[in-house]
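Chemist: Below is a structure I'd like to ask you about.
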Amino acid sequence: MENEIEIHRLFEDLNSAYGFDFTEYAKSSAIRRVSYFMEIHKIPTLPDLTRVLLRNENVFASFVQEFTVNVTEMFRDPGFYESLRANVIKKLSSYPVIKIWIAGCSTGEEAYSTAIWLEEEGLLDRSIIYATDLNPRVVFMAKKGVYNEELMQLYSKNYKEAGGKHSLSDYYRADFGSVIFDNRLKKHMVFSVHNLVADTSFNEFQLILCRNVLIYFNQDLQNRVFKLFHDSLCTFGYLGLGSKESMLFSDNRHDFVEVDRMRKIFKRRY
Ligand SMILES: C[S@@+](CC[C@H](N)C(=O)[O-])C[C@H]1O[C@@H](n2cnc3c(N)ncnc32)[C@H](O)[C@@H]1O
């Protein structure tokens, strides 16, 4: 399809200009996101889009924002979090220091959810959560830990459904239509920009969560990222994926065992 070739060329140009490589993102969703961006910004053709993006860094930042879908929730898929607590978090108590990587953390909700689980299991004080994303704008927001108060209704419902022991409001304070999550959670988190396409591992972890990110990558890129995760986990370290993601076709599938097939939780074999 002509569009596919043109979009590939656009991605190559963006990679040369800005160092963001989208060439191995899944084609159908990439085409959809690019078309949507052109529509809302009234850009008629792909060569026009290429010119605008190469000329203007701010437009490129908006493009990254649009292209990398940032939808997230606290305790997203409560059944996943219920299983994570029972099958993973409780088992981490044998480690003197617990290191967790949340890859593709978006605005940070997943990192705060994980910190709350660690706190409720009495493990937060010896834990460090590294939360990373390729998009600097969402990393900035994640670091602040400030969310619209209206979101708390859904987040509290998720928390309760996942088996939360208290009230979610015990972990934040309200502030004129926003809520600010507590420093006692934040001080165990390190937020930074990290690109799964280009950057390497930066530590050894007991748990990696990378949920609803790989779904946007093609199979080759998914294979490379699974290898990166395998190399970044300690022996018997855990990996949690999104509900629509699978390791079934990955080159690394034999290096992991299933901990909870339905909830997409795996464990590094050796
Ligand atoms: C749909 S959100 C998922 C957020 C969260 N993990 C969740 O499940 O709720 C996908 C996130 O992946 C990030 N992302 C996309 N490509 C990435 C890459 N190459 N490296 C790191 N993060 C990436 C996006 O910026 C976005 O914040």
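The values are calculated or read from the model by the stated rules, or taken from the named source; none is laboratory data. As the structure is a prediction and not an experimental result, all values here were calculated from the model. No Cβ is skipped: glycine too gets one built from the backbone with ideal geometry, and neighbour counts run over all protein chains shown. For accessibility, only protein heavy atoms count, side chains too; no ligands or nucleic acids. Shrake-Rupley method; radii C 1.70, N 1.55, O 1.52, S 1.80 Å.
Chemist: Quick one: length gained pulling Asp48 to Lys227 fully straight, 0.36 nm per residue minus the C-alpha distance? If you can, show how the numbers build up before the last one.
Modeler: On the way: separation 179, 0.36 × 179 = 64.44 nm, distance 3.73 nm.
Contour length minus Cα-Cα distance gives 60.7 nm.
Chemist: Taking N as the number of residues in the stretch 112-270, what is its Cα Rg relative to 2.2 N^0.38 Å?
Modeler: Expressed relative to 2.2 N^0.38 Å, the Cα Rg reads 1.10.
Chemist: Given a Förster radius of 30 Å and the C-beta distance between Asp170 and Asn87 as r, what FRET efficiency does 1/(1 + (r/R0)^6) yield to the nearest 0.05? Can you show the working numbers first?
Modeler: Values: r = 25 Å, r/R0 = 0.82.
Rounded to the nearest 0.05, the efficiency is 0.75.
Chemist: For the stretch 71-117, how big is the tail of P(r) above 16 Å, as a whole percent of Cα pairs?
Modeler: 40 percent
Chemist: Something else about it: Which percent, nearest 5, of DSSP beta bridges in the chain are antiparallel?
Modeler: Expressed as a percentage, antiparallel bridges in the chain total about 45.
Chemist: OK, next. Using only protein heavy atoms and a 1.4 Å probe, report how much of Phe236 is accessible, in Å² to the nearest 10.
Modeler: 110 Å²
Chemist: Take the eigenvalues of the Cα gyration tensor for the chain, scale each by 5, and report the square roots as semi-axes in whole Å, largest first. Mind dumping the intermediate values first?
Modeler: Numbers: eigenvalues 212, 108, 49 Å².
Over the Cα atoms of the chain, the semi-axes work out to 33, 23, 16 Å.
Chemist: Suppose accessible area is computed on protein heavy atoms with a 1.4 Å probe; arrange Ile40, Ile116, Ile180 from highest to lowest.
Modeler: Largest to smallest exposure gives the sequence Ile40, Ile180, Ile116.
Chemist: Let me ask something else. I'd like the accessible area for His41, computed on protein heavy atoms only with a 1.4 Å probe and all protein chains in place. Round to 10 Å², please.
Modeler: 90 Å²
Chemist: Report, by chain and number, residues whose modeled amide H sits under 5 Å from the one on Ile208, excluding near sequence neighbours (fewer than 5 apart, same chain).
Modeler: Trp101, Tyr238, Leu239, Gly240
Chemist: Still on this structure: Given an 8 Å cut-off on Cα distances and at least 6 residues of separation, report the relative contact order of the stretch 21-156 as a percent.
Modeler: After rounding, I find 22 percent.
Chemist: Given a 1.4 Å probe and heavy atoms of the protein chains only, how would you sort Lys42, Lys99, Lys144, largest accessible area at the top?
Modeler: On the way: Lys42 170, Lys99 50, Lys144 105 Å².
The residues order as Lys42, Lys144, Lys99, largest area first.
Chemist: Can you compute the helix-only [θ] at 222 nm over the chain? Use -39500 (n - 2.57) per DSSP H run of at least 4 residues, normalise by all residues, nearest 500 deg cm²/dmol.
Modeler: Helices in the chain give a 222 nm mean residue ellipticity of -12500 deg cm²/dmol.
Chemist: Just the number, please: carbon plus sulfur as a percent of the accessible area of the chain, 1.4 Å probe, no ligands or DNA/RNA counted.
Modeler: That share works out to 50 percent.
Chemist: Additional query: Using the Cα gyration tensor of the stretch 186-270, with a ≥ b ≥ c the square roots of its eigenvalues, what is the shape: rounded (a/c below 1.5), prolate (a/b larger than b/c) or oblate (neither)?
Modeler: It is rounded, given that a/c, with a ≥ b ≥ c, falls under 1.5.
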